[in-house]
Amino acid sequence: MIFTFVWAGWEGIAHDSRVLKEVASNPTSGFPFPPPDKYYLCDAAYTNTRGFLTPYRNTRYWLADFRRRRPISKEERFNHAHAQLRNVIERAYGVLKARFPILKQMAPYPFPVQRDVVIACFAVHNFIRKFNIQDELFMGFEEMNMVTPNVQGGGSESIEWGLEGTEYMTTLRNQIADQLFSTASN
């Protein structure tokens, strides 16, 4: 439940995938690209490309959808596992927004101050988590005790937005889905 990167400074509203493309193409951003054998979990609004793993589209995804009926296909099984893992990300945002209500409705400070407030909120959030400070918000949003790994980048300095990167991640996603499906069948 630690944030590995914050890119604050967009005025108004921008879609997450647009911000990612901006950060990835900016060599001064310091974005921690995942190592070649790792990837970030992303929602379906992102491109499924090397380093960024998205769920299958047009297939059940939300955890609530699986309460009524278990996953049937390999795609559903993959999406269910993906949703469970992404749930940690959503819980981290839940803790952050509960702790810092100013993030929901920013005060009318000058824009540079607003940007610094956002960065400070993320920094304090990570500090509390990394130093295992007993915190009711984290405990309330956790389903189990979690180990917070030291997450660092180390991969290539760019994202493959083209066909090769997409085919690579689609193949990897299919391999993971096949393995999840065969494991569940046994």
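Within region 57-84, track down each residue that is among the polar types (S, T, N, Q) and open to solvent by 50 Å² or more (accessible area, probe 1.4 Å). Quick ask: steps written out before the conclusion?
So in region 57-84, the residues among the polar types (S, T, N, Q) come out as 58-59, 73, 79, 84.
Of everything in region 57-84, those that are among the polar types (S, T, N, Q) and open to solvent by 50 Å² or more (accessible area, probe 1.4 Å) turn out to be 58, 84.
For residue 85, work out the one condition from (1) closer than 22 Å to residue 167 by Cα; (2) touching a residue at least 12 places away in the same chain (Cβ under 8 Å) it doesn't fulfil.
(1)
Before we move on, is residue 130 of a type in the set (Lys, Arg) and closer than 30 Å to residue 174 by Cα?
It is false that residue 130 is of a type in the set (Lys, Arg) and closer than 30 Å to residue 174 by Cα.
Could you list, in sequence order, all residues of region 26-37 that are of a type in the set (Ser, Thr, Tyr) and either in contact (Cβ under 8 Å) with a residue 60 or more places away in the chain or within 15 Å of residue 4 (Cα to Cα) (or both)?
29
For residues in region 2-48 being of a type outside the set (Phe, Trp, Tyr), touching a helix residue (DSSP H, G or I) at 6+ places or on another chain (Cβ under 6 Å) and at pLDDT 85 or above, which is surrounded by the most Cβ atoms within 10 Å (Cβ to Cβ)?
48
Given 147, 118, 113, 151, which one is within 28 Å of residue 54 (Cα to Cα), aliphatic (A, V, I, L, M) and modelled with pLDDT of 85 or more?
Of 147, 118, 113, 151, the one residue that is within 28 Å of residue 54 (Cα to Cα), aliphatic (A, V, I, L, M) and modelled with pLDDT of 85 or more is 118.
Output the helices (runs of 4 or more DSSP H) that fall wholly within region 1-100 and possess 3 or more residues being of a type in the set (Val, Ile, Thr), or say none.
74-99
Quick one: in region 158-186, of everything that is modelled with pLDDT under 75 and under 19 Å from the mean Cα position of the chain (by Cα), which residue is most open to solvent (accessible area, probe 1.4 Å)?
161
Here's a check for you: in region 87-107, which residue that is over 21 Å from the mean Cα position of the chain (by Cα) and modelled with pLDDT under 90 is most open to solvent (accessible area, probe 1.4 Å)?
Selected residue: 105.
The values are calculated or read from the model by the stated rules, or taken from the named source; none is laboratory data. As the structure is a computational prediction, the values presented were derived from the model and not from experiment. FYI the Cβ positions are ideal-geometry reconstructions off the backbone, even for glycines, and counts take in every protein chain you see. Ligands, DNA and RNA are excluded from the accessible area calculation, which covers all protein heavy atoms including side chains. Shrake-Rupley method; radii C 1.70, N 1.55, O 1.52, S 1.80 Å.
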